[in-house]
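The values are calculated or read from the model by the stated rules, or taken from the named source; none is laboratory data. Not measured: the values here are computed from a predicted model. Note that each Cβ is placed from the backbone with ideal geometry, even for glycine, and that neighbours are counted across all protein chains shown.
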Amino acid sequence: MSYDTIEVSTQGPEGQQVGLIRLNRPKQLNALNDQLMDELGAALLAFDADDGVGCIIVTGSDKAFAAGADINMFLPFDFAQAFGQGLISRNWETILKVRKPVIAAVSGFALGGGCELAMMCDFIIAADNAKFGQPEVKLGIIPGAGGTQRLPRSVGKSKAMDLALTGRMMDAQEAERCGLVSRVVPLDKLQDEALGAALQIAQYGRLAVLAIKESVNLAFEGPLRDGLQYERRLFHALFSTEDKTEGMDAFLNKRAPAFKNR
Ligand code: HXC
C-alpha cells in the first residue's frame, strides 16, 4: 500500500521484524491532518496484523515529531460540525486498538496533538532536542486527544497543569525527569536506540509481550485493584503456554530460547 503523508518500512530478521512508520509532512512540521491520521491508522493496523512484525516504531523528522494537529483543518469547524462529524473520535485513536507494542521515537517538536499521539504510544524515547507541550490554550482550545488525561497520569497534576495552562514547552531532560519519556539520547542516536529496543521486544514470545502491554495499560487506565487482579489472571494464564516452558527451560539450561508464539 502506498501513502502520501507517512513512510513505512520494516527492519530486522524474518519473523521478528520491526515496523517503522515515519510521519512525513515536512513543510508543516508533520502537523497532523485527517489524511495523515487515516494513513497512520491503516499502517498501524497492517503491522498489527502482520505475523512477522513484533514491534512498531512511530517517528518523525529531526525537527518535528509532530507540531500538533493541523490548525488549518480545525479552523472551519464549529461545535455542531465537530461533534456531529466525530472530529478526532472518528479516526485519531486507531493506535489504541493496536495490540503490539508501539514506541514513539521523538525528536524536535511534539506539541498538542503531537504530544498526545506520542503519549498514545506505549513508551517514548526522546532525542536531546525534543520539546513537548500542550499549547492548545494559546489557540483558545484544550487538548482534545487525551492530553488532559494522559499527561497528569504520566507526570502528575502539578506539571500537567503547568504545561497545559501556560502552554510552555518542556525539553527532553525535564520530560525524562518527570517520567514522560523513558530514555533520552543524542539526536544522532535516536533511530538506533529505538530500533534496538524494538528489535529486543520483537524477539520475545509474542504472547508475553501482548499480555504485558495489556496489563500495564490497565494499570495506567483503571483502578489498582482491578489492574492487579487482571495481571494475576494473565500471569496464571501464561503458565499454559509453550513459550513459558521454553523460556524457563532455556534459562535454566543456559541456552537461547526458541519461542513459537503459542
Ligand atoms: C498547521 C503548522 C503547525 C500546525 C507549524 N505549522 N505547526 N501548520 N498546524 N500545528 C506550519 C507553520 O504554519 C509554517 O508554515 C511551517 O509549519 C513551519 O512552522 P514555523 O512556525 O515557521 O516554524 P518555527 O518558527 O520553527 O516554529 C515551530 C513551532 C511553531 C514552535 C512548532 O510552528 C508552532 O508554534 N506551531 C503551532 C504549535 C501548536 O499550536 N500546536 C497545537 C495545535 S492544536 P508556513 O506555510 O508558514 O511555512 C492541537 C490540538 C489537538 O494540536 C487536539 C486534538 C488532536
Original post:
Which strands (runs of 3 or more DSSP E) does the range 17-128 wholly contain that include 1 or more residues that are hydrophobic (A, V, I, L, M, F, W, C) and farther than 30 Å from GLN203 by Cβ?
Top reply: 64-66, 109-111
Original post:
Does the range 7-50 hold any residues that are of a type in the set (Asp, Glu) and touching a residue at least 40 places away in the same chain (Cβ under 8 Å), and which are they?
Top reply: ASP34, ASP38, ASP48
**OP:** Filter the range 56-112 down to residues that are more than 14 Å from the ligand (Cβ to nearest atom), of a type in the set (Val, Ile, Thr) and out of contact with any Ser or Thr (no Cβ under 9 Å at 6 or more places or on another chain), then give me how many there are.
**Re:** 5
**OP:** Could you tell me which residue of the range 235-259 is farthest from VAL216 (Cα to Cα), considering only residues that are in a loop (DSSP other than H, G, I, E, B) and in contact with a Gly (Cβ under 8 Å, 6 or more places away or on another chain)?
**Re:** PRO257
Original post:
When the residues of the range 112-152 are filtered to those that are closer than 22 Å to ALA197 by Cβ and of a type in the set (Lys, Arg), which remaining residue is modelled with the lowest pLDDT?
Top reply: ARG150
**OP:** May I ask you to list the residues in the range 113-133 that are of a type outside the set (A, V, I, L, M, F, W, C), within 11 Å of the chain's Cα centre (by Cα) and within 13 Å of the ligand (Cβ to nearest atom)?
**Re:** GLY114, GLU116
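Applying the selection to the range 175-189, what residues are outside any strand (DSSP E or B) and either under 22 Å from GLN134 (Cβ atoms) or basic (Lys, Arg) (or both)? Reasoning before the result, please.
Here is the first cut: in the range 175-189, the residues outside any strand (DSSP E or B) are 175-182, 186-189.
Across the range 175-189, the qualifying residues are ALA175, GLU176, ARG177, CYS178, GLY179, LEU180, VAL181, SER182, LYS189.
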**OP:** Output the residue which, of all residues in the range 212-226 that are surrounded by 14 or more Cβ atoms within 10 Å (Cβ to Cβ) and of a type in the set (A, V, I, L, M, F, W, C), is farthest from GLY146 (Cα to Cα).
**Re:** ILE212
Original post:
Identify, please: which residue in the range 142-167 is loosely packed, with under 14 Cβ neighbours inside 10 Å and touching a residue at least 12 places away in the same chain (Cβ under 8 Å) and is, among those, nearest to the ligand (Cβ to nearest atom)?
Top reply: ILE142
Original post:
Of everything in the range 5-42 that's among the charged types (D, E, K, R) and in contact with a strand residue (DSSP E or B) (Cβ under 9 Å, 6 or more places away or on another chain), which residue is nearest to ASN91 (Cα to Cα)?
Top reply: GLU39
